[in-house]
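The structure under discussion appears below in the form of structure tokens.
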Amino acid sequence: MGSAVTKYGHIAWRVIAVVAFAGTAAAAVTLSRVPARPAHAALSSTFGQSPCDPSGLEAWLGQAQTTGDRLQPGGTYYTLEFTNVSARVCSLYGYPDVSAFAGDQAGGTQIGSAAAHDPTVRPRPVLLEPGQTAHSVLLVTSIRTFEPTACAQVTAPELRVTLPDQVRPAFVPIHLPACSKKGLEFMRVQPIQPRAGIPGYPQP
């Protein structure tokens with residue numbers, strides 16, 4: 001588990017992966033605090049709450065649900081959960097950036113293309129009371145839907161997740177079949193939404 005901990009600064013937030021997917025283990029990683037982007041700062045002023053401080057967020061990858069079968073490959077839906085473990089109300093807004101990743105975290109390599117943003121769900125500010133959880137949904141398309149030469153399948157050992165208004169990523173251990181060729185969309189991610197999520201896509 002020690003290899004899953006990033007070493008960025010002294011103010012950090014925790015990410016815990018608990019994924020119902022073969023070969024995936026629970027692990028904790030950290031992400032350092034960074035300033036909010038001006039766009040989120042303006043939204044926070046409008047809605048009366050400041051962005052969630054990374055030191056007060058606990059993020060975790062929820063259970064997975066696989067769709068399709070041997071004859072009609074589908075995909076796997078994951079919920080990325082974000083819990084406010086601080087003592088104050090805060091806000092989240094927008095899409096997390098998600099990509100498959102391999103190698104040393106300081107000098108590793110992104111695998112294939114990052115998750116595309118799903119436009120069917122509109123981004124909206126999410127206010128988190130202490131103890132409340134918000135979520136985003138990540139769909140990973142089965143690589144069996146792609147031509148082998150177009151996909152160039154590999155197994156990704158981690159997801160690199162960067163939340164809105166943050167710069168330094170978190171690395172979440174996962175055993176994920178991925179397409180290594182850039183330009184092929186095999187993941188989609190929704191903006192952060194209120195409440196804890198459940199496996200499925202799209203969310204209401």
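Quick note: the coordinates plus some simple rules give every number you see, no bench work behind them. The shown structure was predicted, so the numbers you read here are calculated from the model rather than taken from an experiment. Every residue, glycine among them, receives a Cβ derived from its backbone with ideal geometry; neighbour counts consider all protein chains shown.
Table for the structure above
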| read-out | value |
| --- | --- |
| Unique residue being within 24 Å of ASP53 (Cβ to Cβ) and in contact with a Leu (Cβ under 7 Å, 6 or more places away or on another chain) when the list is CYS151, CYS90 | CYS90 |
| Pairs, first closer than 14 Å to ASP97 by Cα and touching a residue at least 40 places away in the same chain (Cβ under 8 Å) in the range 154-180, second of a type in the set (Lys, Arg) and in a loop (DSSP other than H, G, I, E, B), C-beta under 7 Å, six or more apart | ASP165/ARG37 |
| LEU139 being in contact (Cβ under 8 Å) with a residue 60 or more places away in the chain, farther than 16 Å from ALA102 by Cα and surrounded by fewer than 19 Cβ atoms within 10 Å (Cβ to Cβ) | no |
